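K.L.:
I have a structure I would like to understand better, so I am pasting it below and will then ask my questions one at a time.
Every read-out reported here was derived from the displayed coordinates using simple, explicitly stated rules and does not represent laboratory data. Here the structure is a predicted model, which is why all the values come from computation and not from measurement. Reconstructed Cβ throughout: ideal geometry from the backbone, glycine too, with neighbour counts over all protein chains shown.
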Amino acid sequence: MSKTSSADPVTPPRLAAPMRLSGLDGLRGVAALIVVIHHSLLLFPTMSAVYLTGTAPVAGSLMWWMSYSPLKVLSAGGEAVIVFFVLSGLVLTLLVTKRAGFDWVAYFPRRAVRIWLPVAASVIFAFLLVTLVRQQPFQPGTTWLNRSSIVEPTWATLVNASTLFGGNFQLNNPLWSLQWEMIFSVCLPLFVLCALAFRRWWIAGVAVAILLAWVGVLGAIPALHYLPVFLAGGFLAVGLPGIQRVAARLNGSGVGRWLWPSVLVVAVAALLGPWLIGPSLRSIDWALNLATLVVPLAAVAIVVCAIGWPLLARVLSAGVFKFLGTISFSLYLVHVPILVFASYALKGLPQPAVVVIAVPCSIVVAALFYRFVERSSHVWSRRIGDWASAVFARSTSPAAAEPTAAETVIASAQPADPSAHPRGRAGAGASHASPVA
């Protein structure tokens, strides 16, 4: 495979190779589970009203505590997506900067296949569930379940959802974040250039990115709201050697024993800030806007804790967290179709019973989806990326112009043991966070 600089629109200087960031997969898994709980609670009209109309639950009720107390950490779905975006910016930027001669020709088709194949499969899965049980809304008023229900599915519904840019995510609404993942992936050279150009001032870069995201919130400009969050992750990537040096000193001196948990608690509280201020302050624009400002900063701090705090990294890289990290992208893609399907298929049961059944089913289906769909997308993304790189090499280098070079790449590509291919490989298994793994 050609990895010469002639193939690279960006040829960055190679940064010092960082230690394996073993806790980030587990952090992604936690974020994915939070999104699942978030959507599970939205099946309840009371919680749905909090998001759709701003109507607070009865003070002191379970849904009130789940909305405006630290318990919100269990269901802060929107905030978890911001963590995903920081992770994506960090890991994809590291892909480029940690090795010389990054193969951009292979990267673009790999990344497209890596994202789109599981997305298309999840849309087909959702479409099949819609056709199995009629989704005739039964909850009174405007609720999340009603808005996520499709009474008369059409082929246009399927196509619009599959493209990621059709603007209609009713069939599988978590896909809204994947459009930003795809845009970021396409624009990665620009993000990397920006991060590298200001790598000496990466902390200031993170601050500017967060301010830009805040401007996007204030101006209701989605691109300005979300894309700078990826950039903040990119600045973390170029600042990673410094982060790890500071972390090593803290951990070696014993200061880290109390500093890391303190930072994590403050960061989680800041991430939940727009909710912890309570329903009264949420109704005041300046208070809500101010609380929203620190959400991306909190997400950055949480990611830094997962990198620098050895105890947290060990916890996140083992057991159930490791499993959730492995299936996080699949879980993100399949859980809403299952929740909506279960709500109609089990309509006679109390809503809590539906959730208790649907959430474990979502995890089981996600594990199967990972085994048969997502892992296959890893293989095909590598094959197609290698093919594109070989074709490019043949067209630009006479010495590489063997008649069957590209075909040989395809024929020889074999499904690899995922453990032998770190999730950070270019486009084949790059960490992704709305949670593309």
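K.L.:
Along Cα→Cβ, 7 Å out, is where each label goes; now give me the distance between the ones at TRP155 and ALA223 in nm to one decimal.
P.N.:
Inter-label distance under the simple model: 3.2 nm.
K.L.:
With θ set to phi - 60° and the Karplus curve 6.51 cos²θ - 1.76 cosθ + 1.60, what are the ³J(HN,Hα) couplings of region 71-81 in order, to the nearest whole Hz, using x for Gly and Pro?
P.N.:
Working through the residues one at a time gives 4, 4, 4, 6, 9, 7, x, x, 5, 5, 5 Hz.
K.L.:
Hey, how many Å between the Cα centroid of region 175-251 and the Cα centroid of region 32-67?
P.N.:
30
K.L.:
Give a residue-ordered list of calculated ³J(HN,Hα) values for region 286-291 (Karplus: 6.51 cos²θ - 1.76 cosθ + 1.60, θ = phi - 60°; whole Hz; x for Gly, Pro).
P.N.:
Working through the residues one at a time gives 5, 5, 5, 5, 5, 5 Hz.
K.L.:
Kindly provide the pair-distance distribution of region 26-420 built from C-alpha pairs, with 20 Å bins from 0 and whole-percent values in order of increasing distance.
P.N.:
Using 20 Å bins, I get a P(r) of 25, 57, 17, 1 for region 26-420.
K.L.:
What spacing in nm lies between the two simple spin-label points modelled at TRP201 and ALA100, each 7 Å away from Cα in the Cβ direction?
P.N.:
Spacing of the two 7 Å Cα→Cβ label points: 2.9 nm.
K.L.:
With just the Cα atoms of region 263-362, tell me how far they stretch along each of the three principal axes, in Å, largest first.
P.N.:
42, 40, 19
K.L.:
Using a 7 Å offset from Cα along Cα-Cβ at SER253, what residues in region 291-311 end up with backbone N under 17 Å from the label point?
P.N.:
Within reach of a label on SER253: 308-310.
K.L.:
So, one more: Can you tell me the length gained on complete extension of the stretch VAL186 to LEU74, counting 0.36 nm per residue apart and subtracting the Cα distance?
P.N.:
Details: separation 112, 0.36 × 112 = 40.32 nm, distance 3.22 nm.
Full extension of this stretch gives 37.1 nm more.
K.L.:
Another question about this same structure. Using only the Cα atoms, what convex hull volume per residue in Å³ does region 38-103 have?
P.N.:
Given the Cα convex hull of region 38-103, per-residue volume reads 106 Å³.
K.L.:
What 222 nm value per residue comes from the helices of the chain, counting each DSSP H run with n ≥ 4 as -39,500 (n - 2.57) and dividing by all residues, nearest 500 deg cm²/dmol?
P.N.:
Values: 21 runs with 298 residues, N = 437.
Helix contribution divided over all residues of the chain: -22000 deg cm²/dmol.
K.L.:
How much length would be gained if the chain were fully extended between SER61 and VAL215, taking 0.36 nm per residue of separation minus their Cα-Cα distance, in nm to one decimal?
P.N.:
Gain in length upon complete extension: 52.0 nm.
K.L.:
By per-residue mean of other Cβ atoms within 10 Å, what is the highest-first order of 195-207, 170-182? All intermediate terms of the calculation are to be shown ahead of the outcome.
P.N.:
Numbers: 195-207: 17.4, 170-182: 22.2.
Peptide ranking by packing, descending: 170-182, 195-207.
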